[in-house]
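Asker: One structure, pasted below without further comment.
The values are calculated or read from the model by the stated rules, or taken from the named source; none is laboratory data. Just so it is clear, the model here is predicted, and its values are computed rather than measured. Note that we place each Cβ from the backbone using ideal geometry, even for glycine, and neighbour counts take in every protein chain shown. For accessibility, only protein heavy atoms count, side chains too; no ligands or nucleic acids. Shrake-Rupley method; radii C 1.70, N 1.55, O 1.52, S 1.80 Å.
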Amino acid sequence: MSSGGLRRDLASWAGVAGVYAAAQGLSAWAGQRRQGTRGQYQDFRPPSFAPPGPVFPLVWTGLNLTTATSAWRLWRVRRDARAEVPHAQSALAWWVLAVVLRSGYVPLAFGARRYWAATADSALLCAVMLRYATVARRADPAAAALAGPEVAWTAFATVLSTAIAVQNA
């Protein structure tokens with residue numbers, strides 16, 4: 001790959017990651033306006049299987065990187081094919097929907113303390129990420145594999161969110 005191609009790839013990855021980071025940053029800001037997520041998480045009556053609060057930023061940082069890289073790979077498939085790649089385009093539409101849903105959880109759970117609405121958001125996000133991975137696999141199996149950790153985590157997060165809603169609503 002030429003240095004121009006490498007620069008273009010890095011710039012496109014940075015663009016995808018930047019969109020993702022901006023959405024997540026706005027979500028975190030909206031959720032922390034009152035007390036902050038850490039303080040609110042400590043106020044929950046957590047279920048016995050809840051991870052400690054500091055685990056969440058570490059997990060989400062990793063998921064942000066893998067999911068943004070997954071979408072970037074699909075973006076590259078579209079660009080490199082120089083033609084319409086229906087599965088890549090469809091998967092990217094699912095990814096955009098996932099970014100929107102992901103951005104809703106923190107404000108619902110921590111800003112508004114609407115635990116059941118946050119749980120529904122988490123469940124829908126899990127379903128959308130599963131659909132994203134299924135469609136992405138048709139265009140780029142590696143992109144689908146990069147989405148796998150978020151599918152698993154959002155399934156766990158939905159169970160955790162349900163337990164928190166039951167115990168704290």
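Asker: Only one of ARG138, ARG113 is touching a Pro at 6+ places or on another chain (Cβ under 9 Å) and open to solvent by 60 Å² or more (accessible area, probe 1.4 Å); which?
Answerer: None of the other options fit; the residue is ARG138.
Asker: Could you pull out the residue among LEU108, LEU65, LEU101, LEU74 that is in contact with a helix residue (DSSP H, G or I) (Cβ under 9 Å, 6 or more places away or on another chain) and open to solvent by less than 20 Å² (accessible area, probe 1.4 Å)?
Answerer: LEU74
Asker: Could you figure out which of (1) hydrophobic (A, V, I, L, M, F, W, C); (2) at pLDDT below 95; (3) surrounded by fewer than 19 Cβ atoms within 10 Å (Cβ to Cβ) isn't true of ALA127?
Answerer: (2)
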